[in-house]
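Remarks on the structure that follows.
The values are calculated or read from the model by the stated rules, or taken from the named source; none is laboratory data. Remember, it's a predicted structure, so these values are computed and weren't measured experimentally. Positions of Cβ are backbone-derived with ideal geometry, glycine not excepted, and every protein chain shown enters the neighbour counts.
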Amino acid sequence: MQTLNALIIDGVLMRHPSLRIGVIELGATWVPGWMRSLDSAHEAFRKNEERLQNMEMRPSEYVRRQVRATPYPHEDTGWTIANAGAEVCMFSSDFPHVEGGRNPIGRFERSMEAAGTDADASRRFYWDNFVDLLRPVLERRSIPTLV
């Protein structure tokens, strides 16, 4: 969180809008509360802090635009997507290793169904957010993307 805070507050993500950050194998349930805390701190301190005044967007908007996180199958992925935004979470699994669980896709599906996650958000989770994470690299290397 501290590293991401610094990248956002110090303007790195603002100055480099094509930069994408993947937060992998750290879970994602923490992301919505962290985003809310960032926005709250931004609001509370921006009138006295030039760095915050210079930000073009709220901190959570940089997260939605540029940060991708992978929830664990045992986390409430549907809730996390609903509260962080469909842009943030992306699929990953350690299956068939024990820590990946017996049916990670089933667990993700049940969680998203319970939360009422729509088809667009589900597609973003399984596909689009990963493509977005790698798009700058793919474009730089002139490798054709699949979308």
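Of all residues being within 30 Å of Glu75 (Cβ to Cβ) and buried (at least 16 other Cβ atoms within 10 Å of the Cβ) in segment 35-57, which is nearest to the chain's Cα centre (by Cα)? Just the residue, please. Across segment 35-57, the extreme among qualifying residues is Met35.
Evaluate the following for Phe108: is it at pLDDT 90 or above and either more than 16 Å from the chain's Cα centre (by Cα) or not polar (S, T, N, Q) (or both)? Judged against the criteria, Phe108 is a match. Residue check: Ser40 meets all listed conditions (1) out of contact with any helix residue (DSSP H, G or I) (no Cβ under 8 Å at 6 or more places or on another chain); (2) of a type in the set (Gly, Ala, Ser); (3) touching a residue at least 24 places away in the same chain (Cβ under 8 Å) but one, namely (3). Only residues that are under 17 Å from Glu25 (Cα atoms) and touching a Gly at 6+ places or on another chain (Cβ under 9 Å) were counted in segment 96-119, giving 2. Considering segment 51-83, and only residues there that are touching a strand residue (DSSP E or B) at 6+ places or on another chain (Cβ under 8 Å) and aliphatic (A, V, I, L, M), the residue that is nearest to Pro136 (Cα to Cα) turns out to be Val67. Scanning segment 64-116 for residues that are among the acidic types (Asp, Glu), assigned to a loop (DSSP other than H, G, I, E, B) and surrounded by 14 or more Cβ atoms within 10 Å (Cβ to Cβ) yields Glu75, Asp76, Glu87.
Listed by position, the helices (runs of 4 or more DSSP H) inside segment 1-59 whose residues that are among the small types (Gly, Ala, Ser) and within 21 Å of Asn83 (Cα to Cα) number at least 1 are 31-45.
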